[in-house]
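The numbers here are math on the coordinates, done by the rules we state, and not lab data. Note that this is a predicted model, so its numbers are computed, not measured. We place every Cβ from the backbone using ideal geometry, glycine too, and count neighbours over all the protein chains shown.
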Amino acid sequence: MDFKKIEKKWQAKWDEAKIFEANVNPKKKKFFTSIIIPYVNGNIHIGHSFTYTRIDAYARFKRMQGFNTLLAEGFHATGEPILGAIERLKKNDKSQIETFKMYGATDKDLQMFKRKGPEFAAKFWMEKIIESSKLMGFSVDWRRKFVTAIDPAFNRFIEWQYNTLRKKGYVIQGTHPVIWCLHDQSPTGDHDRLKGEGESPTEFVLLKFKLESGEILPCATLRPETIYGVTNLWVNPAAEHVKVKIDDETWIISREAVQKFKDQLKDVKEIGIISGKRLIGKSVRNMVTNQRIPILQGKFVDPATATGIVMSVPSHAPYDYVALKELGVEIEPISVIKVEGFGEHPAIEVSEKLGIKSTKETEKLDDATSIVYKKEFHTGVLREITGKYAGKKVSEVKNELIEDFVKQNVADKIWESSNLVICRCTNRCHVKILENQWFLKFSDKEWKNKVKQCISQMKFHPEESRIQFLNTVDWLDDKACARKSGLGTRLPWDKEWIVETLSDSVIYMAYYTIARTINENKISAEQLTDGIFDYVFLGKGNLKELSKNSKLNEKLIRGMREEFEYFYPVDLRNSAKELVQNHLTYALFHHVAIWNDPKYWPKAYGVNGFVTVSGEKMAKSKGNIIPLKNLVEKYGSDIVRINIATANENMDDADWKEDSLKTFSSRLASLEQLVKNLKRAKRKSVNNLDSYMESVLQNCIKGATENYETMKFRSGVQYSIFQIFNELNYYIERCDGIKGCNQGVLKNCLSAVVSLIAPFTPHISEELRYNLGHKDFISLGPWPSFEDKKIDKNILELENIFKKTLEDLAKVLKLAGKKKNAYLYFVTDKELNYFKDPVAYLQKMFDFKKIELYKSSDRNKYDPENKSSRAKYGRPAIYLE
RNA sequence: GCAGGGGUCGCAUAGUCUGGUCAAUUGCACGAGGCCUAGGACCUCGCGGGUUAGUCCCUACGGGAGUUCAAAUCUCUCCCCCUGCACCA
């Protein structure tokens, strides 16, 4: 079969007939869904194929069922990636050039990217994605496309969205600690890090120690309770330290810590420099216990960590104990915490047990630290020495203790990541508190409850994902919704902030409903005032006035309102499971915030797994990211579509296996053969076998339809291809070849199969339906209807008894060797009579000379071994000789 | 650490909610045979162990314990794996 030729042909016909352009039609029920917008820094690849094909298949399924179906697609350019990509391209980054080329850009294109910049590249990839989507046969209404961050009209829509949210009090301003790169002047997200993935800002306590001269040495710790056990401080003699004025106090901190404090909103004034060396040997006063303790040299102290000053608690911190020993200083450890299973000094015990000799054995020391810390935190009880906290558990008293210390001004706080974070630019990051950051108030209880109400009204495919959404709603906290860099829409009231990428792609589905009008009439952004959007989406305002102010004619505005009213809400949104915790849930938050009336809230969500390739995760380094275009050019789209769409269901990962392609192509080829040979089916009469086939067909229609409905395509296709094919083969064989089949029955079956697989193989289905004599588009239906009355349960049962008997005969023959004659004994007349027809078939199949059928109660039967006594209903007894 | 999802006969998958009809579905791989316009396909059978004229028995669904006449399926516990954890698409 020439898949590619067939595909080209039908894609052209669809285009010409505009069958995927969905318009308002009050007489028809609508179905509205959209593809998750792809990011435009490359073409769509095999990773997109699963989600996209599932959505397209579902849209096609609904269209065939008679829904006026709108499948829309837009494009995403918000954020950093395309900027970064062009940046790298300009630096002739090899991997970036390779990536672009893999997706089909030529050298000339790359030159243009460099010359014309990110917006040009974004639009270039948009066109490539559209081309690939068409090759795949996605049934998209392209009149409604847009690019976020680049289309001025869309950006205006985002402005309206945020103005609306702000009016309702859902956008708030706040301060927030982030991991920050000084060099890039931006927050360093997980994937922007060379080192330190998963690290997040943690609040450390700063305990103050006072020099005799009055300056304060602050030490950062997560274990302020050990202040009672501090024996000394550690300072790196090689590091430069700075005297700074903070509030009314003078602090001494490492050079590296100065910027950190500035970034954490402390008013820091540098007033002098002091080397680490000069601090060593001095003594400080522990401001909690009033004890004097020495400052010792600690070469292991990293001046870039926290304040560069470290307090030493040898009884409870393995590092400190080992360092003291290494230094050869005799200091009496002070025990603060009593822990079951340990003696006075847990840190010493553990260090010795692990045989740690040097501060350089960091791995062992980290182990030891974590053992001691966990044990002490969860089960440790504070000793007498801690005064008012004595007898309490560490875990219970910690917060109280911190509050007390801060109140007494013997402690302060500092944000720091627990482990080293290095930015991709190779700079070391620290924590910065961002001021005046704009947040979506996802922590709002009432807002959360509204989302939960929305979830309770929705359908989820698979149903198991519902609980994940509910958990996400509970877990979600305020979400920073704007950044200072990247492409995007500026917050209308605070222009230095740009709405970030997960926050401007949550209600764009509404924009599709009016994008056609905007695109076709070239409506400018300026004309799209908040008033217009209020009218179109919320039904507010006076049409005449709006028309006058915006210079848009009334009909146009009313048309947009009608189109929105007709197509909204979203009937299905489907994505991979990684978006559950963000995009999909955010979309619910925004919908319930903007539209009070639940009738505009999303109706159903679908969630699926990731795509793996031959069992492996996709990765650039593995070279297994295949552009969809390449796959389609190699195999044809229908085969690719059905192979990936049925690779898995529920939330399991879908594995792309090239091996299984041939399973589908051979099935489709034999389907084509059957269609071609249909006219050779000559039998006019109708027999039991025909009713059997009709009954089986009905079951398959039912099974396929029900499974498709909940996006269980793998199970659905089990019916629509595999089961039906096996039954068809059986039917044809029992009819003694295609010429013995009833043409009407066969045609009916073939038409049904062609329709049932059309959501996955639309091109081939169009072709075969045409060959079957229909002149309409199968893409527009009809969907095979399930008719219960066509199922003959009696015949189904009897034919299955017959099949079972075939198996039994084969087994017996295998064990007993070849036989000449067969005798079958039945309990009921019903079975006996049913078996009369296929006697010839049995004879031919097993090469018997003679077959005789008896009622087991028949006195005149031939039964030398009394086999007939074994006959049961549903299982005739067998005697062979 | 927090949250969610899992561990089934070589691999992958169904079955678990609603205990029995489950030695357990389906695809791939593998083995035997058949077929052809000898290109790979296609068809039939087998694929835990033993046994039989279509049968029956034993051992089995991550480990262990329990509930029950009966457990892959329910309860408890342990071990292991995967995913997400935010200013990032």
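What to note about this one:
- Approximating the spin labels as points 7 Å out from Cα along Cα→Cβ, the A:T379-to-A:K702 distance works out to 6.1 nm.
- Here the range A:74-175 yields Rg over Rh of 1.08, to two decimals, using C-alpha coordinates and the Kirkwood radius.
- The trypsin sites (Lys or Arg not before Pro) of the range A:159-260 meeting both criteria, a DSSP state outside H, G, I, E and B (loop) and at most 14 other C-beta atoms within 10 angstrom of the site's C-beta, are A:K168.
- Considering only chain A, percent of DSSP beta bridges that pair antiparallel, nearest 5: 70
- Total formal charge among the other residues, if their Cβ is under 12 angstrom from that of A:V301, Lys/Arg +1 and Asp/Glu -1: -2
- Sequence-separation-based contact order of the range A:327-415, relative, with Cα cut under 8 Å and 6+ spacing, percent: 24
- Remark: relative contact order (chain A) = 14 percent; criterion is Cα-Cα distance under 8 angstrom and separation of 6 or more residues.
- Dimensions (Å) - the range A:552-596, Cα atoms, principal axes, largest first: 43, 20, 17
- A simple charge model with +1 on the Cβ of Lys and Arg, -1 on the Cβ of Asp and Glu and nothing else charged puts the dipole of the range A:154-230 at about 460 debye relative to its Cα centre.
- Tail weight of P(r) past 21 Å, computed on alpha-carbon pairs of the range A:488-563, percent: 32
- Proximal aspartates and glutamates relative to A:K790, as straight alpha-carbon distance under 17 Å, when same-chain residues fewer than 8 apart are discounted: A:D690, A:E694, A:E727, A:E799
- Normalised by residue number, the volume inside the convex hull of the Cα atoms of the range A:348-478 is 280 Å³ per residue.
- Label-to-label distance for A:D404 and A:K577 is 4.7 nm, based on points extended 7 Å past Cα in the beta-carbon direction.
- Charge sum, other residues only, whose C-beta stays under 12 Å from A:D597's C-beta, Lys/Arg counted +1 and Asp/Glu -1: +1
- Kirkwood Rh (inverse of mean 1/r, distinct Cα pairs), the range A:778-877, angstrom: 15.3
- Dividing the helix sum by the residues of chain A, where each DSSP H run of 4 or more adds -39500 (n - 2.57), gives a mean residue ellipticity at 222 nm of -13000 deg cm²/dmol.
- When you filter the chymotrypsin sites (Phe, Trp or Tyr not before Pro) in the range A:412-498 for DSSP loop state and at most 11 other Cβ atoms inside 10 Å of their Cβ, nothing is left.
- Extension gain for A:K168 to A:L211 (0.36 nm times residue separation, less C-alpha to C-alpha distance): 10.2 nm.
- The translational diffusion coefficient of the range A:65-107, from Stokes-Einstein at 20 °C and 1.002 mPa s with a Kirkwood hydrodynamic radius over alpha carbon pairs, comes to 165 µm²/s.
- FRET E, pair A:L182, A:I274, Förster distance 35 Å, beta-carbon r, rounded to 0.05: 0.90
- Binned Cα-Cα distance frequencies in chain A - 20 Å width, integer %: 12, 31, 27, 19, 9, 1, 0
- Shown here for the range A:527-614: trypsin sites (Lys or Arg not before Pro) in loop regions (DSSP other than H, G, I, E, B) with at most 12 other Cβ atoms within 10 Å, namely A:K540, A:K551.
- Other residues within the sphere of radius under 11 Å centred on the Cβ of A:F442, judged by their own Cβ, net out at 0 (K and R +1, D and E -1).
- Taking every C-alpha pair closer than 8 Å and separated by at least 6 residues, the mean separation divided by the residue count of the range A:764-881 gives a relative contact order of 28 percent.
- Protection proxy ranking of A:30-36, A:873-879, A:340-346 - average other beta-carbon atoms within 10 Å, highest first: A:30-36, A:873-879, A:340-346
- Counting beta carbons within 10 Å around each of A:H763, A:H48 and listing the fewest first gives the order A:H48, A:H763.
- Label-point separation, A:E396 to A:K262 (7 Å along Cα→Cβ), nm: 4.6
- Pairwise FRET efficiency - A:K544 versus A:S485, Cβ, R0 = 41 Å, nearest 0.05: 0.45
- In the range A:173-282, the convex hull through the Cα atoms has an average projected area of 9.3 nm², a quarter of its surface area.
- Lysine pair count for the range A:329-402 (Cα-Cα distance under 26 Å; residues 8 or more apart in sequence or on different chains): 28.
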